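Written below as structure tokens is the structure these notes are about.
The values are calculated or read from the model by the stated rules, or taken from the named source; none is laboratory data. Values in this document were obtained by computation on a predicted structure and should not be read as measured data. No Cβ is skipped: glycine too gets one built from the backbone with ideal geometry, and neighbour counts run over all protein chains shown.
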There are 2 protein chains.
Amino acid sequence: MEKQISQAVIRRMPRYYRYLGELIDQGVERISSNELSQRMKVTASQIRQDLNNFGGFGQQGYGYNVKYLYSEIGKILGLDRQHNIIVIGAGNLGQALANYVNFEKRGFMITALFDVNPTLAGVSVRGIEIRMMDEIEDYIRNNKVDIAALTMPKTKAEECANRLVDLGIKAIWNFAHLDLELPDDVVVENVHLSDSLMQLSYNIVSRNHDEKK
Amino acid sequence: MEKQISQAVIRRMPRYYRYLGELIDQGVERISSNELSQRMKVTASQIRQDLNNFGGFGQQGYGYNVKYLYSEIGKILGLDRQHNIIVIGAGNLGQALANYVNFEKRGFMITALFDVNPTLAGVSVRGIEIRMMDEIEDYIRNNKVDIAALTMPKTKAEECANRLVDLGIKAIWNFAHLDLELPDDVVVENVHLSDSLMQLSYNIVSRNHDEKK
């Protein structure tokens, strides 16, 4: 069943999860798709369609039970289990990731950082040790690692990703600005900051065009 | 015209730009949509459709002139002009952004960082000065600022974004994990790292399901 769900739907699910979490914090117990639609600024029919991909969750005339829906979407997103992450590259970006406490709240635990810079050896970020790259084989052999985040320069990323895959890593969170070519059973999620900046720039330029009309 | 182009198409344009840049580096002068399709792993018809949104650029029997297409897509993405960026929040993430030299190659110049932490006052990152938040009004009044990048905690982001908009900022690159509610003429591009991690986690979990079948 999962295969048929488009990545566009999947992209929207974390946002539902975030809004439902806020509703719980506000003490809201149930919500109609219309109310959720107003808060999230998407149409009620999109909400219904998106959630119907996973079986619905709503009851006619009642709406959605907020806690139940939050918990079900959490399970769909795999947040009901722990994911251990290692971060390759302990520069500013790698250290920024290690400093995000919110990841842990959702079950994403950064367990180690790796770098090639010897001045970082043994340094800790929020209690997470920076190790040297030559320890990585041993580390992966002796620890459960679910995700590797790549924050090193583009020129090293492909080689590093291949090495990680050879060591058994099946999921890559890629911040390097290239598309990795990896076996089909390896899941890759890209965060291309330059692409994001170019989209912003497109929207700036096209807004200016519109204003001149 | 720009208004009719979907954000899905816009999301793909930076990737075309990146691949065309690599082709130029490799000395490739022209390319058919089929060849480009094989490299980029999208269908040739999607490439033709995407580019037709902007007028086409290809010639029957010749394909695309790589340099010309690169330059035209650059213009579409607003890369033919300079965009000045200020970064609010000079923690690891803000400093990571300041350290990206690749942004500058595309015309995105980070001109200042701002923070509230007095120990950062006067510190420079790659020659870019960290200023205190109480200087921001003066700074924006006296300097051209096109984009503000928000890297501060979620709890401060809404207030900060409103203040920036009051000061005339029209484009926000938002790394804080919330959806900003801002006037319609303000362009916002979100980088929600937690959402990205949840998408990765979904794909890990759904792959495991498939393997068990």
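If you go through segment A:51-68 and keep only what is surrounded by 18 or more Cβ atoms within 10 Å (Cβ to Cβ) and either under 20 Å from residue A:8 (Cβ atoms) or basic (Lys, Arg) (or both), you end up with just A:51. Residues in segment A:82-96 that are small (Gly, Ala, Ser) and over 18 Å from residue A:118 (Cα atoms): A:96 only. Remark: pairs (first residue in segment A:158-183, free of Cβ contacts under 8 Å to residues at least 60 places away in the same chain and at the interface with another protein chain (Cβ under 10 Å from one of its Cβ atoms); second residue surrounded by fewer than 21 Cβ atoms within 10 Å (Cβ to Cβ) and of a type in the set (Gly, Ala, Ser); Cβ separation under 8 Å; 6+ apart in sequence or on different chains) = A:177/A:194. Of the residues making up segment B:55-84, those that are of a type in the set (S, T, N, Q) and assigned to a loop (DSSP other than H, G, I, E, B) are B:60, B:82.
Residue-wise test of (1) among the basic types (Lys, Arg); (2) modelled with pLDDT under 95; (3) more than 22 Å from residue B:9 (Cα to Cα).
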residue	(1), (2), (3)
A:131	yes, no, yes
A:134	no, no, yes
A:137	no, no, yes
A:144	yes, no, yes
A:167	no, no, yes
A:173	no, no, yes
A:178	no, yes, no
A:184	no, yes, yes
A:196	no, no, no
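Name the pairs: first residue in segment A:91-117 and facing chain B (nearest Cβ under 7 Å), second residue of a type in the set (Phe, Trp, Tyr), Cβ to Cβ under 8 Å, at least 6 apart or on different chains? Between residues of segment A:91-117 that are facing chain B (nearest Cβ under 7 Å) and residues that are of a type in the set (Phe, Trp, Tyr), the close pairs are A:93/A:175. Candidates in segment B:1-46 are the residues that are part of a helix (DSSP H, G or I), touching a residue at least 24 places away in the same chain (Cβ under 8 Å) and of a type in the set (Val, Ile, Thr); of these, the one that is surrounded by the fewest Cβ atoms within 10 Å (Cβ to Cβ) is B:24.
One residue alone among A:145, A:191, A:187, A:123 is touching a Phe, Trp or Tyr at 6+ places or on another chain (Cβ under 6 Å) and within 14 Å of chain B (Cβ to nearest Cβ), and that residue is A:191.
Could you list all residues from segment A:1-51 that are among the acidic types (Asp, Glu) and under 26 Å from residue B:206 (Cβ atoms)? Those that are among the acidic types (Asp, Glu) and under 26 Å from residue B:206 (Cβ atoms): A:2, A:22, A:50.
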